[in-house]
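**Student:** To start, I am sharing the structure in question, which I have written as structure tokens.
The values are calculated or read from the model by the stated rules, or taken from the named source; none is laboratory data. Just so you know, these numbers come straight off a predicted model, no measurement behind them. Methodologically, a virtual Cβ is constructed for each residue, glycine included, from the backbone with ideal geometry; neighbour enumeration extends over all protein chains shown. These area figures cover heavy atoms from the full protein model, side chains too; ligands, DNA and RNA do not enter into them. Shrake-Rupley method; radii C 1.70, N 1.55, O 1.52, S 1.80 Å.
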Amino acid sequence: RPRGAPRRARGWQRAAAAVVLALIGVVQGQVQLPDLANTFSASTLAFFPHGPGLTSRMTVVLRPSVNMSTPPQFRQWVVLTLPTFTPVGPVNQGQQLPGQEIPVRAKPSERVMDVTPLTEVDNPPFEPYAYGNAEDYTVRLQVRPLPGVLHTNIDTQLVICCFELPLSSPANNPDLSIMAPRGVTPDLYYTDPTIETQPIKNCPEIVRGNFWQHVQFQFDPPVALSPTTVAMTFQAAQALSREARIVVKMTGLTRTPARDGELDFATTGSDWMVFADKGFWNNTEETATFFLRAGVYLDAGTMVQVRTLPGEFQLPGYVEPNFEGFTVSAMSSDGIDAIIDPTPVSQSDYVPPMLTFVYSELRYWDETPNTVTNMNLTFQSNRPLIPGTQVFLKLPGFLSAVLEVQLEGPYKVHFAQKRAELDIPENLMTLTVENTLYSDTRNITLEVHGVQLPPALYQNDPSLKIWNSDPFSDDFKQVIHSSPRVCGLPSPRDCAAERQKTLDVELSYNPQFPEAPTEVTILITPNVMFYQGNAVLLYMYGFTCDQNIIGLSGPGGSKFVGSAATWNFSTSVLSLILAPEQTLPNDETTVVMIPLARNFRLPERLTENDGILQTEGVGVIITKRAIARSPPIGEPKFVTESTLTFAPAGANEITRVSVMITVNSDILPE
């Protein structure tokens, strides 16, 4: 350089001068250092309880490199992003919660979580509630206004309740992060956060341990209430050995017949080499246990399947898909130590509920007995009626001049030919669905035209039934919920007493010697028609017979199945079941005889028209009542001894009354 010229500053000298000027500016409040260097020097998570899938409280330890508070012009947050950590708590409905300085708006995806300070209890830095988002797994903590400060010189500790922990998470999981944004609303942060997003520095490992990679239940067939074959498939993530037990809980399924004990099963391929020959069924716990063979390993990731024998188990009335009541666990060979905790199925078949009717009703346009009228059938089902479904009505005593009765009303188009078929001998009306009918959402009313009412029906008569063509529905016929009384008696009192249906039965015996074989003549006169499959029951206590099937004679004997009656030894009930295409008319008396050769024996004694002898109608429901007429047998029934005692026996005293009666015949409950 020329002599006398000023010396030029070098590069490092210029940089040093700039730093000095900047520091002077900071001291004078003229310059603000950028936030790029701000960080969380400490960020730690801990869980209690600590384990896969547990609902846990989370302890958070934070120390920022810059003091943080919420000033008047914006809000300061600390946001944790914790993928697979599911927040647990009530839904954020936007209300101002106790202790909150500033309320937040409602968000259905957010859960309100309690925040409890462990340090700085007098002036906690955070609001007492956090907001956990169940969709993006973020947890938003709001820093409070002064005097609440998140300090740089203190490890701030707090507890957030609660989270459902993931099944596994590595130590210091890099996917877990923290940031400190600021802004006017939690949905609109400034572009310059106080602290940028960074990984959480310390987080313990969550070890899943032994678990099932796959558990599957399949049913063949998947039909409600049906016998089924259960196929159970499972795959363990770790090897099982040492004669471990695999315990399968089959909630709702029943073994037929219900019993504890050995359980036969089948396998696929070479899986039979893995298991002992027999499993074990615990009827009370609804569990099937399968045992690994001695010296056999079930290798990690190996998928095996066991199947129950066909028809050994029966399904319940409904099984939701992937039902959590089906679980699989693994236990030590002695059944004490858990190797794999009970795990719900990954997949299980859906068993739809059996089609039933939640409501049903009959209403007659004219309730006069034996009249031809129209009736309204109203029903609602528990699921839609699809094409091909048949609805059956049992209508004992109903008649029609035609076998296909006309349907009317807005829903008639859903049924084949807009008609119903009436099988008079079976007392059965059938409606076949042609177009899907959403009868699960509303009451469906059909007008059925041109049916003749029977002579009598009870109110809500139990002989009127409805069911459908679903498998096994025939075993669960439902009584029509609501139906009116049909009564031709002149006295309303007789109708109200439900005496409008009558079954007049008269018995006579020849000879009439006590406890001796006799020929029994039975006269049956109902006031309503009995059809095939209907039955007359005679309760004949004291009579005996050594035959279960008793051949009948007389003009009406051939009306009954096999020209015979069935005798129940234990209940002393004689059942007369009408044969196919046979009826008991209501305008004449049917005469049936039990021949003397059948060795049907009289009791020791009976009074005239003895009330111990009763009758009942089945199919055409006629309630149990005394047999109308029967002769006396043997000596009269009477009380042989009776005693009445008082203790104490003083006048005007409260006393205990004891009655002792001895009779010369049996007395039955009503």
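**Student:** How many residues, within the range 51-65, are at pLDDT 90 or above, open to solvent by less than 40 Å² (accessible area, probe 1.4 Å) and over 17 Å from Ser177 (Cα atoms)?
**Tutor:** Residues in the range 51-65 being at pLDDT 90 or above, open to solvent by less than 40 Å² (accessible area, probe 1.4 Å) and over 17 Å from Ser177 (Cα atoms): 1 in total.
**Student:** Does any residue of the range 474-489 turn out to be open to solvent by less than 70 Å² (accessible area, probe 1.4 Å), at positive phi and either modelled with pLDDT under 95 or not in a loop (DSSP other than H, G, I, E, B) (or both)? Break it down into steps so the answer makes sense when it comes.
**Tutor:** If we filter the range 474-489 for residues that are open to solvent by less than 70 Å² (accessible area, probe 1.4 Å), which is where we start, we get 478-480, 482-484, 486-489.
Now restrict to residues that are at positive phi: none.
Among the residues of the range 474-489, not one is open to solvent by less than 70 Å² (accessible area, probe 1.4 Å), at positive phi and either modelled with pLDDT under 95 or not in a loop (DSSP other than H, G, I, E, B) (or both), which makes the answer no.
**Student:** Looking only at residues in the range 324-349 that are in contact (Cβ under 8 Å) with a residue 24 or more places away in the chain and assigned to a loop (DSSP other than H, G, I, E, B), which one is nearest to Met250 (Cα to Cα)?
**Tutor:** Per the criteria, the residue is Gly325.
**Student:** So if I check each of Phe280, Phe275, Phe217, which one is of a type in the set (Phe, Trp, Tyr) and touching a residue at least 40 places away in the same chain (Cβ under 8 Å)?
**Tutor:** Only one candidate passes the filter, namely Phe217.
**Student:** Being open to solvent by 50 Å² or more (accessible area, probe 1.4 Å), out of contact with any His (no Cβ under 9 Å at 6 or more places or on another chain), at pLDDT below 95 and aliphatic (A, V, I, L, M): is that true of Ile667 here?
**Tutor:** On the way: open to solvent by 50 Å² or more (accessible area, probe 1.4 Å): yes; out of contact with any His (no Cβ under 9 Å at 6 or more places or on another chain): yes; at pLDDT below 95: yes; aliphatic (A, V, I, L, M): yes.
So Ile667 fits the description; yes.
**Student:** Could you list, in sequence order, all residues of the range 570-614 that are of a type in the set (Gly, Ala, Ser) and open to solvent by less than 40 Å² (accessible area, probe 1.4 Å)?
**Tutor:** If the condition is that a residue be of a type in the set (Gly, Ala, Ser) and open to solvent by less than 40 Å² (accessible area, probe 1.4 Å), then Ser572, Ser575, Ala579 are the ones that fit.
**Student:** Six or more apart or on different chains, Cβ under 6 Å: which pairs go from a residue in the range 654-667 that's at positive phi to one that's assigned to a strand (DSSP E or B) and surrounded by 11 or more Cβ atoms within 10 Å (Cβ to Cβ)? Could you list them?
**Tutor:** Partner pairs satisfying both residue conditions: none exist.
**Student:** What number of residues in the range 613-633 are at pLDDT 90 or above and farther than 16 Å from Met540 by Cα?
**Tutor:** The total comes to 1.
**Student:** Continuing with the same structure: Take the range 388-399 and flag every residue that is in contact with a strand residue (DSSP E or B) (Cβ under 6 Å, 6 or more places away or on another chain) and either small (Gly, Ala, Ser) or without any contact (Cβ under 8 Å) to a residue 60 or more places away in the chain (or both).
**Tutor:** Here is the first cut: in the range 388-399, the residues in contact with a strand residue (DSSP E or B) (Cβ under 6 Å, 6 or more places away or on another chain) are 389-395, 398-399.
Across the range 388-399, the qualifying residues are Phe398, Leu399.
**Student:** So which strands (runs of 3 or more DSSP E) are wholly in the range 159-278 and hold at least 2 residues that are open to solvent by 50 Å² or more (accessible area, probe 1.4 Å) and either farther than 30 Å from Arg144 by Cα or modelled with pLDDT of 90 or more (or both)?
**Tutor:** 195-199, 212-220, 245-250
**Student:** Evaluate the following for Val405: is it of a type in the set (A, V, I, L, M, F, W, C), free of Cβ contacts under 8 Å to residues at least 60 places away in the same chain and more than 30 Å from Gln582 (Cα to Cα)?
**Tutor:** Taking the combined requirement at face value, the residue does not satisfy it.
**Student:** Quick check on my filter: what residues within the range 34-50 are within 26 Å of Pro166 (Cα to Cα), surrounded by 16 or more Cβ atoms within 10 Å (Cβ to Cβ) and not hydrophobic (A, V, I, L, M, F, W, C)?
**Tutor:** Ser43, Thr44
**Student:** So, of the residues in the range 302-337 that are among the small types (Gly, Ala, Ser) and within 10 Å of Ala244 (Cα to Cα), which turns out to be most open to solvent (accessible area, probe 1.4 Å)?
**Tutor:** Ser333
**Student:** Mind checking which residues of the range 279-301 are of a type in the set (Val, Ile, Thr) and surrounded by 14 or more Cβ atoms within 10 Å (Cβ to Cβ)?
**Tutor:** At the first step, the residues of the range 279-301 found to be of a type in the set (Val, Ile, Thr) are 284, 287, 289, 296.
Scanning the range 279-301 gives Thr287, Thr289, Val296.
**Student:** I would also like to ask the following. Out of all the residues in the range 630-652, is one or more hydrophobic (A, V, I, L, M, F, W, C) and in contact with a Phe, Trp or Tyr (Cβ under 9 Å, 6 or more places away or on another chain)? Walk me through it before giving the result.
**Tutor:** If we filter the range 630-652 for residues that are hydrophobic (A, V, I, L, M, F, W, C), which is where we start, we get 633, 638-639, 644, 646-647, 649, 651.
In the following step, the residues that additionally are in contact with a Phe, Trp or Tyr (Cβ under 9 Å, 6 or more places away or on another chain) were identified as 633.
Among the residues of the range 630-652, at least one is hydrophobic (A, V, I, L, M, F, W, C) and in contact with a Phe, Trp or Tyr (Cβ under 9 Å, 6 or more places away or on another chain), which makes the answer yes.
**Student:** Looking at (1) out of contact with any strand residue (DSSP E or B) (no Cβ under 6 Å at 6 or more places or on another chain); (2) surrounded by fewer than 16 Cβ atoms within 10 Å (Cβ to Cβ), find the lone condition where Gly148 falls short.
**Tutor:** Here Gly148 clears every test but (2).
**Student:** Within the range 615-638, take every residue that is part of a loop (DSSP other than H, G, I, E, B) and among the charged types (D, E, K, R) and give me the one that is most open to solvent (accessible area, probe 1.4 Å).
**Tutor:** Here the answer is Glu635.
**Student:** Determine whether the range 408-416 contains at least one residue that is among the small types (Gly, Ala, Ser), touching a residue at least 60 places away in the same chain (Cβ under 8 Å), part of a loop (DSSP other than H, G, I, E, B) and farther than 22 Å from Leu457 by Cβ. So that I can check it myself, show each step before the final result.
**Tutor:** Taking the range 408-416 as the starting set, the residues that turn out to be among the small types (Gly, Ala, Ser) are 409, 416.
Subsequent filtering for residues that are touching a residue at least 60 places away in the same chain (Cβ under 8 Å) retains none.
No, because not a single residue in the range 408-416 is among the small types (Gly, Ala, Ser), touching a residue at least 60 places away in the same chain (Cβ under 8 Å), part of a loop (DSSP other than H, G, I, E, B) and farther than 22 Å from Leu457 by Cβ.
**Student:** Within the range 88-136, track down each residue that is open to solvent by 70 Å² or more (accessible area, probe 1.4 Å), part of a loop (DSSP other than H, G, I, E, B) and either hydroxyl-bearing (Ser, Thr, Tyr) or modelled with pLDDT of 90 or more (or both).
**Tutor:** Pro90, Leu118, Glu135, Asp136
**Student:** If you don't mind, another one. Quick one: how many residues across the range 357-371 are under 20 Å from Asp474 (Cα atoms) and either more than 29 Å from the chain's Cα centre (by Cα) or of a type in the set (D, E, K, R) (or both)?
**Tutor:** Qualifying residue count, the range 357-371: 1.
**Student:** Filter the range 387-404 down to the residues that are in a strand (DSSP E or B) and either open to solvent by 30 Å² or more (accessible area, probe 1.4 Å) or modelled with pLDDT under 95 (or both) and list them by number.
**Tutor:** Within the range 387-404, Gln390, Phe392, Lys394, Leu399, Glu404 meet the criteria.
**Student:** Could you list all residues from the range 344-376 that are surrounded by 18 or more Cβ atoms within 10 Å (Cβ to Cβ) and closer than 17 Å to Val247 by Cβ?
**Tutor:** Val345, Ser348
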